[in-house]
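Trainee: Have a look at the structure that comes next, please.
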Amino acid sequence: MDAQRALLDELMGAARNLTEEERKGYKEVTWDDKEVCGFYMVRFCPHDLFVNTRSDLGPCPRIHDPKLKESFEKSPRHDAYVPKFEAELAQFCEKLVMDLDRRVRRGRERLAQEVEPAPPPPLTAEKSEQLSVVEEKIKNLLEQVESLGEAGKVDEAEALMRKVETLNAEKTALTQPQNDKVLMLGQEKKMALCEICGSFLVANDAAERTQSHVTGKQHVGYGMVRDFITEYKAAKEKANDEEKLAREREAEERRKQREKESERRRRSDSSDRDRHRDKDHSRERDRYRDRDSERERSREHDVRGYRDGGRGVDYRLRNGRNGGRDRYRDRSRSRSPVKHSYRRSS
């Protein structure tokens, strides 16, 4: 019925039986809805692996729809959702395997316990009487063999020893078959444990039954679960290694870039220092040149001053000697009008 219903849903849609009123409030399910099983779309759903086995998980509570799976595979968001669904599936499978491994450990402990074999059942009265008679005969014959050996009758002693060996065989025949049955019973009850699915197996079972177990739902299902976990962890580890390698390459590129920047700054600073040094040398040369020019001008000025100063001294000296005469002449001239004036008045 479920298969037929799924087929009808695929052909006619899930809303084929709804009335017009129901269709108005009906919302079509898409692959990214929470009601849809991501495990089924990306890989497999564990609920489908163990149907009608001891590990049956029951029906999946979410939707398994081939059309939704096809829509998911064609969606442009497919690659973005695959890691999310695979991570959720890996988490679910790891929980299954943890529970299974716990059962396997308990089963292994049970098998590891040493079970003492049951003591052989007691002999019947008839066999006990026969065993006593045989043991008595063996004892008597051994005493006779010892006496004959002391008397030097070797041939007779050897003949009696052959009789002793025959009686020992009869004694073994009375006890050995029962021990063989116990051994066979122990071998028939020897069990083994399947490490994949945790099932108990008969160690010496027929090849057909062993093959039937290997191809059974439980064994195949847990094999798929374990293989997926191994594959997922390997892919995750590879992705982590690639990411780590990418980070290392990026760090190396940043380091090289920093070294280039440092080298560029070092060269720039060196060029700046050289330019400043050249400017300082130029300014120093200019200062020295200005200083030399100043000294030269000062020297020329002193020489001119010395020459001009000599002429000035002579002029002043000459002017000084003549000045006395001029002053005397002026005084004489200033007094002479008085004298003439006095004379006119007289």
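The values are calculated or read from the model by the stated rules, or taken from the named source; none is laboratory data. Remember, predicted model here, so these are calculated numbers, not experimental data. As a convention, Cβ positions derive from the backbone with ideal geometry for all residues, glycine included, and neighbour counts pool all protein chains shown. Surface accessibility is based on the protein's heavy atoms, side chains included, excluding ligands, DNA and RNA. Shrake-Rupley method; radii C 1.70, N 1.55, O 1.52, S 1.80 Å.
Trainee: Name the pairs whose Cβ atoms lie under 7 Å apart, with the first residue in the stretch 231-242 and at pLDDT 90 or above, the second open to solvent by less than 100 Å² (accessible area, probe 1.4 Å) and small (Gly, Ala, Ser), and 6 or more positions between them or separate chains?
Mentor: Here the result reads Tyr232/Ala90, each pair linking the stretch 231-242 to a residue that is open to solvent by less than 100 Å² (accessible area, probe 1.4 Å) and small (Gly, Ala, Ser).
Trainee: Taking the criterion of being modelled with pLDDT under 85, surrounded by 15 or more Cβ atoms within 10 Å (Cβ to Cβ) and assigned to a helix (DSSP H, G or I), would at least one residue in the stretch 80-100 satisfy it?
Mentor: Looking through the stretch 80-100, none of the residues is modelled with pLDDT under 85, surrounded by 15 or more Cβ atoms within 10 Å (Cβ to Cβ) and assigned to a helix (DSSP H, G or I).
Trainee: If you don't mind, there's one more thing I want to ask. Within the stretch 39-53, identify whether any single residue is modelled with pLDDT under 90 and among the charged types (D, E, K, R), and answer yes or no.
Mentor: So far as the stretch 39-53 goes, no, none of its residues is modelled with pLDDT under 90 and among the charged types (D, E, K, R).
Trainee: Out of Ala251, Ala235, Ala246, I need the residue that is of a type in the set (A, V, I, L, M, F, W, C), part of a helix (DSSP H, G or I) and closer than 30 Å to Cys45 by Cα. Which one?
Mentor: Working: Ala251 fails: closer than 30 Å to Cys45 by Cα; Ala246 fails: closer than 30 Å to Cys45 by Cα.
When all the criteria are applied, what remains is Ala235.
Trainee: Do we have any residue at all in the stretch 139-148 that's surrounded by 13 or more Cβ atoms within 10 Å (Cβ to Cβ), acidic (Asp, Glu) and part of a helix (DSSP H, G or I)?
Mentor: The answer is no; no qualifying residue exists.
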